[in-house]
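Right, one structure below, let's go through it.
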Amino acid sequence: MPISVNGQQHAFAGDPRTTLLDFLRRECGLTGTKKGCDHGQCGACTVLVNGQRINSCLSLAVMHDADEVTTIEGIGAAGSRSPLQDAFVRHDGYQCGYCTPGQICSATAMLGEIDAGWPSFVSEDLEAAPALNDQEVRERMSGNLCRCAAYSNIVAAILDVAGESA
Ligand code: FES
Ligand code: FES
């Protein structure tokens, strides 16, 4: 069964109980995706599946036949960083960095959700285009915890990439 990860086909024929997170880290060798809680609570394992963000610890690899999975390694690398990765560096949006791959994958998809007009819990008008402000970003990124509490700088980095100021 092939799973496309960052544009490369990876065969999966392992234990059907293997999570997508463990498949990525153990079988694909892509250790950028982190295991924080392994219970869907922290967001450290966030990856994109067909462009949408998911917690890879809550999804089985066997469910992703023919899906396009993107991990932090597929978003950018040293020397070819994505705009969000650059902004995290510029705004000092991390301390230990453990949550950072998940934050960047999540923010990448989140900006697409705003572009697509998806409202959030704090959107005042469900019909209007969502505002891009501190409150919206904090709500939309609330599934990604940072134990170092670099939240202010993470929000500033995201708003910077979106062309807004914190
Ligand atoms: Fe998946 Fe924490 S490791 S949400
Ligand atoms: Fe350390 Fe977020 S930078 S957990």
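The values are calculated or read from the model by the stated rules, or taken from the named source; none is laboratory data. Computed from a prediction, not measured in an experiment: that's the story for all the values here. Glycine gets a Cβ as well: all are built from the backbone with ideal geometry, and neighbour counts include every protein chain shown.
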Might you let me know whether the range 31-41 holds any residue that is outside any loop (DSSP other than H, G, I, E, B) and closer than 19 Å to residue 108 by Cβ?
no
Among the numbered criteria (1) within 19 Å of residue 47 (Cα to Cα); (2) at pLDDT 95 or above; (3) surrounded by fewer than 18 Cβ atoms within 10 Å (Cβ to Cβ); (4) not basic (Lys, Arg), which one does residue 78 miss?
(2)
Which condition number in (1) surrounded by fewer than 21 Cβ atoms within 10 Å (Cβ to Cβ); (2) in contact with a Cys (Cβ under 8 Å, 6 or more places away or on another chain) is the one that residue 56 fails?
(1)
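Going by the structure shown, is residue 162 surrounded by 14 or more Cβ atoms within 10 Å (Cβ to Cβ), more than 20 Å from residue 38 (Cα to Cα) and within 16 Å of ligand 1 (Cβ to nearest atom)? Don't jump to the end; show me each part of the working.
Values: surrounded by 14 or more Cβ atoms within 10 Å (Cβ to Cβ): yes; more than 20 Å from residue 38 (Cα to Cα): yes; within 16 Å of ligand 1 (Cβ to nearest atom): no.
No; evaluated as a whole, the condition is false for this residue.
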Unique match (being crowded, with 16+ Cβ neighbours inside 10 Å and either in contact (Cβ under 8 Å) with a residue 40 or more places away in the chain or within 16 Å of ligand 1 (Cβ to nearest atom) (or both)) among 37, 45
45
Would you check which residues across the range 109-152 are in contact with a Pro (Cβ under 8 Å, 6 or more places away or on another chain), hydrophobic (A, V, I, L, M, F, W, C) and either at pLDDT 95 or above or not in a loop (DSSP other than H, G, I, E, B) (or both) and list them?
114, 118
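So which residues in the range 85-102 are closer than 15 Å to residue 159 by Cβ, surrounded by 20 or more Cβ atoms within 10 Å (Cβ to Cβ) and either within 12 Å of ligand 2 (Cβ to nearest atom) or free of Cβ contacts under 8 Å to residues at least 12 places away in the same chain (or both)?
Matches in the range 85-102: 88, 93.
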Working carefully through the options 29, 36, 43, find the one that is away from ligand 2 (no atom under 15 Å from the Cβ) and more than 17 Å from residue 160 (Cβ to Cβ).
29
Does the range 99-108 contain at least one residue that is under 30 Å from residue 133 (Cα atoms) and part of a loop (DSSP other than H, G, I, E, B)?
yes
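Let's see how each residue does on (1) under 15 Å from the mean Cα position of the chain (by Cα); (2) under 27 Å from residue 34 (Cβ atoms); (3) away from ligand 2 (no atom under 16 Å from the Cβ); (4) among the aromatic types (Phe, Trp, Tyr):
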| position | (1), (2), (3), (4) |
| --- | --- |
| 104 | yes, yes, no, no |
| 129 | no, no, yes, no |
| 137 | yes, yes, no, no |
| 150 | no, yes, no, no |
If we keep just the residues of the range 4-14 that are assigned to a loop (DSSP other than H, G, I, E, B) and either at pLDDT 95 or above or surrounded by 11 or more Cβ atoms within 10 Å (Cβ to Cβ) (or both), which is nearest to the chain's Cα centre (by Cα)?
6
